[in-house]
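The structure appears right after this line, and notes come after that.
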Amino acid sequence: MPERYSFCSSRIRRPHRFVFLSDLHEVEFGKDNQRLLEAIDAEHPEFILIGGDFIRCHKVRPWTGHRHQDSVEVSCRFLEAIRKRYPTYYAIGNHEARLREKAGIVRCTSGAKYDTYIQDMARADYARLEEALKGVHVLDDDCVVLDELELSGLTLDLSYFRNMLTHPRKPLREEEIRAKVGTPDRTKFSIMLLHTPMYGHEALRHGEDLVLSGHYHGGTIRIPGIGALMTPQFQFFVRECAGIFREGEGILLINRGLGTHSINIRINDKPEISVITLLPEGTGPAQEKEWHRN
């Protein structure tokens, strides 16, 4: 389950090790995710970064009627456990964004109309998630400085997650990124949590040193030499579905995720805990994973 990555930078003065997680989707590894917690503890991380979609929040479909299919409890119990162990930073994925829209916390951008029953259920789930996130730093279009590291979380609304078979790719402009999270401090090593890798290269051109994404679940079915069979937004044969990729001096790391939803299968696509080590430049060659070309 752990995948280890190591990177060197002239802006790093001392080693840092942290764990990046994404896309749990209410899956359990042992009772109350005890096996997941033990695997994290074995890495002795400085802090934890979570890239969103830990909960499960479904789209409302005509054929599902008024059934409440969403779930947050497994993720909430995990968050309550991990926040006691390590400083934890959490970014917003499309499932958290959908829950906020269903609950009426933010303006609805998905085009869906939610009746009172659905909204009441979503409000109860959102209140439970908010309780679990107490003590967790939520990076919702926000930045925080940790010594020589600058962490940011860029939140995209549901209009950026539309079905690519029926909608064109929505552009994400530099000025929009800057308005949300500002400009990276070039005296710090900047790390951005951006749930979808679809916009990872825009974030790198913005000046981030390391962009951490998930969302694609490693492609669900990964084809060697090609990449993802299909992403959650119905893109086919996407090469950049898992692993590390470069844009100039910046790095995009795409985590395969921990869980699944809707299509509950994984083929050639193991769940992933990303263990990331940052090293000062000149301390020796970084034990960096070979770039994933598939």
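FYI, it's all coordinate maths here, none of it is from the lab. Everything numeric here is computed off the predicted structure, so don't read it as measured data. No Cβ is skipped: glycine too gets one built from the backbone with ideal geometry, and neighbour counts run over all protein chains shown.
Worth pointing out:
- Dipole magnitude of the chain about its Cα centre (Cβ charges: Lys, Arg +1; Asp, Glu -1), debye to nearest 20: 640 debye
- Kirkwood-based Rg to Rh ratio, the chain, C-alpha trace: 0.94
- Result for the chain in a Gaussian network model with C-alpha springs under 10 Å: among L278, L21, L156, the largest mean-square fluctuation is at L278.
- The ellipsoid that matches the Cα gyration tensor of the stretch 163-250 has semi-axes, each √(5λ) in whole angstrom, of 25, 16, 9, with the longest given first.
- Using the Cβ of M192 as centre and a radius below 10 Å, the other residues enclosed give a net charge of -3, where K and R count +1 and D and E count -1.
- The lysine pair count for the stretch 2-280, using Cα distances under 17 Å and pairs eight or more places apart or on different chains, is 5.
- DSSP-defined beta bridges in the chain - what % are antiparallel, rounded to 5: 40 percent
- Highest GNM mean-square fluctuation among S274, S262, S159, for the chain modelled with Cα contacts below 10 Å: S262.
- For the stretch 1-150: rounded, prolate or oblate by the Cα gyration tensor [a/c cutoff 1.5]: prolate
- Split the chain at each of the trypsin sites (Lys or Arg not before Pro) in a DSSP loop with at most 15 other beta carbon atoms within 10 Å, and the longest piece is 187-238.
- Listing I12, I177, I254 from fewest to most neighbouring C-beta atoms within 10 Å gives I12, I177, I254.
- Taking a ≥ b ≥ c as the square roots of the Cα gyration tensor eigenvalues, the stretch 74-125 comes out prolate, since a/c reaches at least 1.5 and a/b is larger than b/c.
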